[in-house]
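Remarks on the structure that follows.
Rule-based calculations on the coordinates, nothing more; no lab input. Remember, predicted model here, so these are calculated numbers, not experimental data. When we count neighbours, we look across all protein chains shown, and the Cβ atoms used for this are built from the backbone with ideal geometry, even at glycine.
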Amino acid sequence: MKTVSIIIPCYNEETVLPIYFEAVDKVIAGIEGFQVDFILVNDGSKDKTLDVMKELYRKRNDVNIVNLSRNFGQNPALTAGLASSTSDYVIMMDADLQDPVTMIPKICAKFAEGFEVVNPHRASRQTDTSFKRNTAAFFYRFTNSLEGREILPANVNCFRGLSRRAVDVIMALPEKDRLLVNEIPLVGFKTCQIDFEREKRKAGKSKYNIKKMINYAFDIISSGTTKPLYLPIKVGAVSSGVFFLSSLLLLIFYFLGHYGVLSFDVAPLALFTVISFVLFGIAVLLFFIGLLSIYLHNILINTRDRPTYCIDYIYRKEEKE
Ligand code: UDP
Ligand code: MG
């Protein structure tokens, strides 16, 4: 019998966790050939999430708890869960039932067929606002177009099924600030996609506001592709050409004016051109400094080698008294 650990990062999910287990119990009993357990990662919740987890641990024999020392974020929490897993396969999913538990048997069926990376794919995003739908569509198209190939499968997030081999390769990557959506496609292996409809959150609140989502998008792009780093050189080359041509034109106008061919004064035009160039140049430079800072930040995070999460303690199901 193969083992599957379902890894669930939880930050303030006291209301939804009991509902999750009610729902998941209805589907895991029917899975043949796989023994399922759960790794609940408490990501420094401020509500009673940890108490709910301990209650589940006490009542059931298939629950493990990884308690982090404070809130680190979804990706570090998932990484802590992956690092503490020993099963043949893992499934990472959210606590709020937006990733439907009915997908678990389908993912296991794909494992049984020999797939090592299973990507549940949001077939439609009808539960999202049209703003979120459109920005997400643009984001995936933009990121993949930068690299000219698919580095980020569209509408696939951290909800994934992975084999032990895939988990081990990901965990062996030297990156510190892990973004699993970038790292999973990187490892390759036999991969498949299954469509699903993302549901509405069953209880509690989303932890991602617009600011966090924008930061997440920047992180994904900067850790997924280095192509934006070529932008300054391209813009620099084009604007040098434009600058050279306009200087030449101004010079021609000046001489034409000087020899009386042109009747208007070229000085205001020259002043306007120079001021526009300077202001535009400053704006572009600031933009590029910002761009470089994002990449510099990634280098700093990865070289200073600080841990991205800290485990307070682990309760393993085998160690239950
Ligand atoms: N989460 C976490 N740490 C955080 C933020 C979120 O462990 O700092 C968990 C959260 O409890 C949930 C999952 O990550 O299980 C996805 O979060 P959420 O549902 O808020 O994201 P959304 O679905 O709104 O994008
Ligand atoms: Mg959610």
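Roughly what would the spin-label model give for Arg70 and Ala29, points 7 Å off Cα along C-beta, in nm?
4.4 nm
Looking at the chain, I'd like the Rg to Rh ratio, where Rg is from alpha-carbon atoms and Rh is Kirkwood's inverse mean 1/r.
Details: Rg = 26.3 Å, Rh = 22.7 Å.
Here the Rg-to-Rh quotient is 1.16.
Within the range 166-267, which GluC sites (Glu not before Pro) sit in a loop by DSSP and count at most 16 neighbouring Cβ atoms inside 10 Å?
Numbers: sites: Glu175, Glu183, Glu197, Glu199; in loops: Glu175, Glu199.
Of the GluC sites (Glu not before Pro), the ones in loops of the range 166-267 whose Cβ has at most 16 other Cβ atoms within 10 Å are Glu175, Glu199.
Which angle from 0 to 90°, rounded to the nearest 10, does the C-alpha axis of helix 16-28 make with the longest principal axis of the chain?
Roughly 70 degrees between the two axes.
Return the distance in nm (one decimal) between the two label points of a simple spin-label model at Asp62 and Cys192, each offset 7 Å from Cα along Cα→Cβ.
2.2 nm
Quick check: the angle from helix 103-112's long axis to the longest principal axis of the chain, C-alpha only, nearest 10 degrees?
The angle comes out near 90 degrees.
I need the Kirkwood Rh of the range 205-321: take the reciprocal of the average 1/r across all distinct C-alpha pairs and report it in angstrom.
Computed over the range 205-321, the radius equals 19.6 Å.
So how do 22-31, 4-13, 52-61, 108-117 stack up, highest first, on mean other-Cβ count within 10 Å?
Values: 22-31: 13.6, 4-13: 24.8, 52-61: 15.7, 108-117: 17.7.
Per-residue mean Cβ counts within 10 Å order the peptides as 4-13, 108-117, 52-61, 22-31.
Restricting to DSSP H runs of at least four residues, report the calculated mean residue ellipticity at 222 nm for the chain, -39500 (n - 2.57) per run over all residues, nearest 500 deg cm²/dmol. Provide the component values of the computation, followed by the final result.
On the way: 10 runs with 161 residues, N = 321.
Counting only the DSSP helices, I get -16500 deg cm²/dmol.
Report, to one decimal in Å, the Kirkwood hydrodynamic radius for the range 139-250 based on all distinct Cα pairs. Working shown, then result.
Working: mean 1/r = 0.0574 Å⁻¹.
The Cα-based Kirkwood calculation yields 17.4 Å.
Starting from the Cα of Arg164, move 7 Å in the Cα-to-Cβ direction to define the label point; list residues of the range 1-18 whose amide nitrogen is under 19 Å from there.
Counting only backbone N, you get 1-7.
Would you kindly state how much longer the chain becomes between Glu150 and Lys317 on full extension, computed as 0.36 nm times their sequence separation minus their alpha carbon distance, in nm to one decimal? Let's see the in-between values first.
Numbers: separation 167, 0.36 × 167 = 60.12 nm, distance 3.94 nm.
Stretched fully, the Glu150-Lys317 segment lengthens by 56.2 nm.
At a Förster distance of 25 Å, what's the computed FRET efficiency of Leu248 paired with Leu271, Cβ-Cβ distance as r, to 0.05?
Working: r = 17 Å, r/R0 = 0.69.
Result of the calculation: an efficiency of 0.90.
For the range 159-314, with only Lys/Arg (+1) and Asp/Glu (-1) charged at the beta-carbon, what is the dipole magnitude about the Cα centre, in debye rounded to 20? Intermediate values should be presented prior to the final figure.
Numbers: 18 positive and 11 negative charges, 169 e Å.
Dipole size: approximately 800 debye.
For helix 49-59, what angle does its Cα long axis make with the longest principal axis of the chain, in degrees from 0 to 90 and rounded to 10?
Approximately 30 degrees, to the nearest ten.
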